[in-house]
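**Student:** One structure coming up, written as C-alpha cells, with questions to follow.
The values are calculated or read from the model by the stated rules, or taken from the named source; none is laboratory data. Computed from a prediction, not measured in an experiment: that's the story for all the values here. Glycine also receives a Cβ, built like all others from the backbone with ideal geometry; neighbour counts cover every protein chain displayed. Keep in mind that these areas ignore ligands, DNA and RNA; they rest on the heavy atoms of the full protein, side chains included. Shrake-Rupley method; radii C 1.70, N 1.55, O 1.52, S 1.80 Å.
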Amino acid sequence: LDVSRIHAGKLRLSQTEVELDLFLPEVLNSMQHITQDHKIILEKNEAAKIKIDALRMEQVIANIISNAAKYSPGKEKIIVNSFKKNKVVIVSFKDVGIGIPKEKIDKIFNRFYRVDEELKNFSGLGIGLFISSEIIKQHGGKIWAESFDGEGSTFYFSLPLMN
C-alpha cells in the first residue's frame, strides 16, 4: 500500500515538532522488545529539534533496525548514534553483519531490489529500504549506507534541524 501511495505521489506526512534526543530512545526501547537477539546500544544522542511524522519515522527506524538484526545473525549488538552537523541531524545504525558488496550498495534503496546472493538465506520483498528512503526524502532528508562485505553495514539518515 505504501509503495502504491509513493508511486502515485500520495504518501502524506503529518509532521510535528519533536525532540529527537527524547524520541529516539523511546523508539529504540520499543524495538529492543522485538529484537531479542541483539542489544541496541544508543552511544551518542545529541539534543536536536526536528519536524517529523513520528509514525513514519518510527517505520524507518524499525526497518533499519530489523534489517540490521536480520542480516547480522549470531552477532549481539546494533550501535545507534545521533549527532548534529551543519544544519542537519544525522542518525546512524551500525551492525557487524554480513555486509553488502560495494558494487551493490547504491541499489539497495531501489524498489524491490535485493542483494542476489542473500535471496535464498533471508526473507524479504525488497521494499523496506525503498519506503524508508521515500519517507526520509519527503522529510527533506537523505539516506545512505556504507558497508564492507563480510564486516557489517552502517545506515545513515539526515533530517533538517529546526531553527
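**Student:** Output the qualifying pairs, or none if there are none: Cβ atoms under 7 angstrom, residues six or more apart or on different chains, first residue in the range 26-55 and free of Cβ contacts under 8 Å to residues at least 60 places away in the same chain, second residue assigned to a loop (DSSP other than H, G, I, E, B) and loosely packed, with under 14 Cβ neighbours inside 10 Å.
**Tutor:** Partner pairs satisfying both residue conditions: 38/76; 39/76.
**Student:** All but one of (1) assigned to a loop (DSSP other than H, G, I, E, B); (2) farther than 21 Å from residue 27 by Cβ; (3) at pLDDT 75 or above hold for residue 104, so report the exception by its number.
**Tutor:** All conditions are met except number (1).
**Student:** If I ask for residues that are surrounded by 15 or more Cβ atoms within 10 Å (Cβ to Cβ) and either β-branched (Val, Ile, Thr) or assigned to a loop (DSSP other than H, G, I, E, B) (or both), which ones from the range 16-27 would you list?
**Tutor:** Matches in the range 16-27: 18, 27.
**Student:** Then there is this: Out of all the residues in the range 53-92, which are closer than 14 Å to residue 23 by Cβ and either part of a loop (DSSP other than H, G, I, E, B) or touching a Pro at 6+ places or on another chain (Cβ under 7 Å) (or both)?
**Tutor:** Selection gives 53 alone.
**Student:** Could you please tell me which pairs satisfy a Cβ distance under 7 Å, a separation of 6+ or placement on different chains, a first residue in the range 63-82 that is among the basic types (Lys, Arg), and a second residue that is open to solvent by 70 Å² or more (accessible area, probe 1.4 Å)?
**Tutor:** Cβ pairs passing all conditions: 77/39.
Residue by residue, here is whether (1) open to solvent by less than 50 Å² (accessible area, probe 1.4 Å); (2) touching a His at 6+ places or on another chain (Cβ under 8 Å); (3) modelled with pLDDT of 85 or more holds:
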site	(1), (2), (3)
81	yes, no, yes
88	yes, no, yes
112	no, no, no
116	no, no, no
119	no, no, no
124	yes, no, no
139	yes, no, yes
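**Student:** While we're looking at this one, here's another question. Here is a check on your reading of the model: is residue 61 at pLDDT 90 or above and under 13 Å from the mean Cα position of the chain (by Cα)?
**Tutor:** So residue 61 passes the test.
**Student:** Could you tell me whether residue 60 is touching a strand residue (DSSP E or B) at 6+ places or on another chain (Cβ under 9 Å), open to solvent by less than 70 Å² (accessible area, probe 1.4 Å) and not charged (D, E, K, R)?
**Tutor:** So residue 60 passes the test.
**Student:** Residue 70 - would you say it is under 19 Å from residue 108 (Cα atoms) and open to solvent by 20 Å² or more (accessible area, probe 1.4 Å)?
**Tutor:** So residue 70 fits the description; yes.
**Student:** Look at the range 28-42 and say how many of its residues are among the hydroxyl-bearing types (Ser, Thr, Tyr) and outside any loop (DSSP other than H, G, I, E, B).
**Tutor:** 1
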